[in-house]
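To keep things clear, I will list the structure first and then write my remarks on it.
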Amino acid sequence: MRIHIIHENDEWLPPFAAALDAAGLPWEAWHLDGGVLDLDAVPPEGVYWSRMSASSHTRGHLVSKDHTRSVLSWLESHGRTVVNGRRVLELEVSKVDQHAALRAAGFDVPRTFAVIGDHDRAREVARRLPVPFISKDNQGGKGLGVQRFDTHEAFDRYLADGFVPPVDGTLLLQEYLQPALPRITRVEIVGGEFVYALTADTSGGFELCPADACAIDDAFCPTDGSAKFQLRRDFTAVDAAPWVAFARTWGIGIGGFEFIETVDGRRVTYDINTNTNYNPDVEAEAAVPAATVIAGYLGRLLAAAGSHATVTSSSRA
Ligand SMILES: Nc1ncnc2c1ncn2[C@@H]1O[C@H](COP(=O)(O)OP(=O)(O)OP(=O)(O)O)[C@@H](O)[C@H]1O
Ligand SMILES: [Mg+2]
């Protein structure tokens, strides 16, 4: 009986491996990128944690998303304990799904158009937004396709030259959120509890993947100790309550929510991450690192799954 980590990027595992090992918890990685699933097989007992990433295709893992969909459906049909299960995967891989869910829950969200399929239409749709505006991939992660345009003509030029169609065919055009301070805030939640909030300095650009080891180059993923990421000490569990409630409602066991506080006083949530990579500097500064909180959470789930399995097998005997 162990913890199974469903993922597709070995480079992102070490902080979690270290925390699980330190807690003495048995675990194994399930690297999903194609294979055979016997639908009549019974999945091993244990706890499953999906860390499938929206950006998996950028690492050449073109079927990881669908492989994970299949595996999660199979696990859930057997009643296995799954952290960030089937429904959460859909949030991870679609900013449209995130937007719809956040809006329904009463969050302020950015005005957004989804251009699906024929991207020539984007030219006309963009003119329904004032400048500046943002374009981004629906299936994002690590700032995929995120660009700011200060004129509609600049966007036309981008469409004609340099535009890479999003992997799921859905391009988002979005209101630019003018921040009051050059930063975004990310609220980290584990097991339905607030862990900490951090800020990311956006004065240098939009690419904010905080991973210790990232598959993209340093220019896109600065973890150089430049204090780009900082613990936000003035943000408390009371402040985090709306995002915590959302995470509980949606069964997001482990996730981070990003918002921007705008010059006109709005607090706008624009991104949900369900496979956060925690910044090492922030982790070092936090009262308890998120990786440690995760190990505790998964350990409790494993103990509960173990006692359930024992009851089930003894009641069957
Ligand atoms: N509507 C917006 N207005 C202003 N800035 C934005 C907007 N959308 C995104 N950004 C900036 O671009 C960054 C990346 O955007 P977003 O989080 O939506 O993409 P992502 O692919 O999910 O990236 P990540 O995996 O790093 O979270 C944001 O953190 C923010 O700095
Ligand atoms: Mg983001």
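Bear in mind these aren't lab numbers, they're just calculated from the coordinates by the rules spelled out. Since the structure is predicted, the reported quantities are computational estimates derived from the model, not experimental observations. A quick note on method: Cβ atoms are made from the backbone with ideal geometry, for glycine too, and the neighbour counts reach across all protein chains shown.
For the chain, report the convex hull volume of the alpha-carbon atoms normalised per residue, in Å³, without decimals.
Taking the convex hull of the Cα positions in the chain, it is 141 Å³ per residue.
Take each of the peptides 109-120, 54-65, average the number of other beta-carbon atoms within 10 Å over its residues, and list them starting from the highest.
54-65, 109-120
Treating cross-link reach as a plain straight distance, find the lysines whose alpha-carbon is under 24 Å from the alpha-carbon of residue 228, omitting any fewer than eight places away in the same chain.
Within the straight-line cut-off, residue 228 pairs with 136, 142.
What is the spin-label model distance, in nm, from residue 159 to residue 304 if the labels are put 7 Å beyond Cα along the C-beta direction?
4.9 nm
Expressed as a whole number of Å, what is the distance separating the alpha-carbon centroids of the range 230-253 and the range 92-158?
The distance from the Cα centre of the range 92-158 to that of the range 230-253 comes to 25 Å.
Quick check on the exposure proxy: order 194, 163, 259 from fewest to most C-beta atoms within 10 angstrom.
Result, fewest neighbours first: 163, 194, 259.
Can you tell me the FRET efficiency between residue 261 and residue 17 if r is taken as the Cβ-Cβ distance and R0 is 45 Å, rounded to the nearest 0.05?
For R0 = 45 Å, the calculated efficiency reads 0.80.
In nm, to one decimal, how far is the residue 230 label point from the residue 1 one, both placed 7 Å along Cα→Cβ?
The modelled label-to-label distance comes out at 4.6 nm.
What area, in nm² and to one decimal, does the C-alpha convex hull of the range 8-59 cast on average over all directions?
For the range 8-59, the mean projected area of the Cα convex hull comes to 4.6 nm².
Using a ≥ b ≥ c from the Cα gyration tensor of the range 86-194 (square roots of the eigenvalues), is it rounded, prolate or oblate, where a/c under 1.5 gives rounded and otherwise the larger of a/b and b/c decides, a/b for prolate?
The shape class here is prolate.
If r is the Cβ-Cβ distance from residue 103 to residue 33 and R0 is 45 Å, what FRET efficiency results, to the nearest 0.05?
Taking R0 as 45 Å, the efficiency between residue 103 and residue 33 is 0.85.
Given contacts defined as C-alpha pairs under 8 Å and at least six residues apart, what's the relative contact order of the range 1-150, whole-number percent?
20 percent
Taking every DSSP beta bridge that has both residues in the chain, what percent is antiparallel when rounded to the nearest 5?
75 percent
Over the chain, what is the mean sequence separation of C-alpha contacts under 8 Å (at least six apart), divided by residue count, expressed as relative contact order in percent?
Relative CO of the chain lands at 20 percent.
In terms of Cα to Cα distance under 13 Å, which aspartates and glutamates are near enough to residue 65, apart from those fewer than 8 places away along the same chain?
Partners found: 8, 33, 90, 92, 168.
Would you calculate a helix-derived [θ] at 222 nm for the chain, using -39,500 (n - 2.57) for each DSSP H run of n ≥ 4 and dividing by the full residue count, to the nearest 500?
-10000 deg cm²/dmol
Exposure proxy check: 16, 149 ranked by fewest other beta carbons within 10 Å?
149, 16
Fully extended, how many nm does the chain gain between residue 249 and residue 168 (0.36 nm per residue separation, minus their Cα-Cα distance)?
26.5 nm
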